[in-house]
Amino acid sequence: MTKTVVALAMLSVFSTASVYASDYSRMMNIENPDRLKLTINNATYEEGYSNDFIPHLYVGSEDNGVMNIVVDNGIVLNESIENGRNCNYAMIVSKDNGVYLQANGKNCSYKKKSYRSINSPVVTIINDSSLYLRPNFSINGNDFFADNYSINPNGIRMFTGDSGTWKKQGVRHGDNLKVKFSYTLAESGAQKEVVCPSLDSLTENRLYRLQGGEQNALCVLESNDIHIKNDRIVAGWYKPLTKAELLQRIEATAADDDVIIDMPDDKYMALYTQPGEYKIPLKAGDAKATITLVVIKGTIPIAQ
């Protein structure tokens, strides 16, 4: 591993979470059970890296950029993600079982899911709160910390019995799972906790979402429904948004499937030929939802 990566990894330890204060610091939390060679932009983790879990810290930018990710010299993954530098990521990658890579943050809707879990389903943590949160788990009554790393605001992380601490703890399909997060109060330095809904049986991929701040922190176990941040979008007459652009603006996610616009391309594009309000159907697996597209002739409001 390069000296630069060593320094960045050291900065990400929970006890030095203040380094995340910059709006330009971004995280990619990686589970790499096969310890494959990883290259993220200009940083490289060599094959056989000392740990399954890699908390990769990188400096982002206000402007959109490109995140280049190469795994196993491009054999397993060779991906260039636009607007990547604005986003936080979580990734699970395996030579035989595929890739699960997802972004979180403003206008960060990238998701690539081809991973086939073996020991247990994947549990995703999305931190939409303003807090730096340290995850704590209980599996079948056995309590343990994930490790010494926090999940930063707008951060995301994935856990599976195939890798890291969960693998060491022997997490398996069907286990009882309890989750809580600890955080530090800014003024007093006191520790507080937010407790999440428990799962009697971990039988499918699930998603926990953290919200709020020091005094109103909340943990939600999302159903496999579609979660939408912006359900009303304004666009210009004869200035169509592509389906990908619309999905990016609404920031729609689902725990276990990609969100798509469930209508033919020609029918969707025809909406931009006539001003009006239109219901746009979304689909993710068996889950369905709608958002509103407003097509206008006038000036589009800057804030939507």
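The values are calculated or read from the model by the stated rules, or taken from the named source; none is laboratory data. No experiment lies behind these values; they were computed from the predicted model shown. Cβ placement follows ideal geometry from the backbone for every residue including glycine, while neighbour counts extend to all protein chains displayed. Note: accessible area is taken over every heavy atom of the protein model, side chains too, but ligands, DNA and RNA are not part of it. Shrake-Rupley method; radii C 1.70, N 1.55, O 1.52, S 1.80 Å.
Structural remarks
- Each Cα pair under 8 Å and six or more residues apart adds its sequence gap; the mean of these over the residue count of the chain is a relative contact order of 13 percent.
- For Cα Rg over 2.2 N^0.38 Å, the value computed from the atomic coordinates appears in the list [x] 1.34; [y] 1.13; [z] 1.03 under label [z].
- Relative packing of 65-71, 184-190, 136-142, which averages over residues the other C-beta atoms within 10 Å, highest first: 65-71, 136-142, 184-190
- List TRP166, TRP237, ordered by accessible area with a 1.4 Å probe, largest first: TRP237, TRP166
- Within straight-line cross-link reach of LYS297, aspartates and glutamates at Cα separation under 17 Å, skipping those fewer than 8 residues along the same chain: GLU277
- A 1.4 Å probe, protein heavy atoms only, puts the accessible area of ARG249 near 90 Å².
- Sequence of GLU46, GLU79, GLU277 from largest to smallest accessible area, 1.4 Å probe: GLU277, GLU46, GLU79
- Using a cut-off of 26 Å between Cα atoms, the listed pairs LYS229/LYS279; LYS180/LYS283; LYS112/LYS167; LYS37/LYS112; LYS168/LYS288 include LYS180/LYS283; LYS168/LYS288 as exceeding that distance.
- Here's how it looks for GLY161: its modeled amide H is under 5 Å from those of SER120, which are all 5 or more places away or on a different chain.
- When the square roots of the Cα gyration tensor eigenvalues are ordered a ≥ b ≥ c, the ratio a/c for segment 99-189 is 1.5 or more and a/b does not exceed b/c, which makes its shape oblate.
- Taken per residue, the accessible surface of segment 123-260 reaches 45 Å², heavy atoms only and a 1.4 Å probe.
- Accessible-area order (highest first, 1.4 angstrom probe) of the listed residues HIS173, HIS56, HIS227: HIS173, HIS227, HIS56
- Report note on the peptides 263-274, 144-155: ranked by the mean count of other C-beta atoms within 10 Å, highest first, their order is 144-155, 263-274.
- Global geometry of segment 143-250, whether rounded, prolate or oblate, following the gyration tensor of its Cα atoms and the 1.5 cut on a/c: oblate
- In the chain, helical runs assigned H by DSSP with n ≥ 4 each contribute -39500 (n - 2.57); averaged across all residues and rounded to the nearest 500, the mean residue ellipticity at 222 nm is -2500 deg cm²/dmol.
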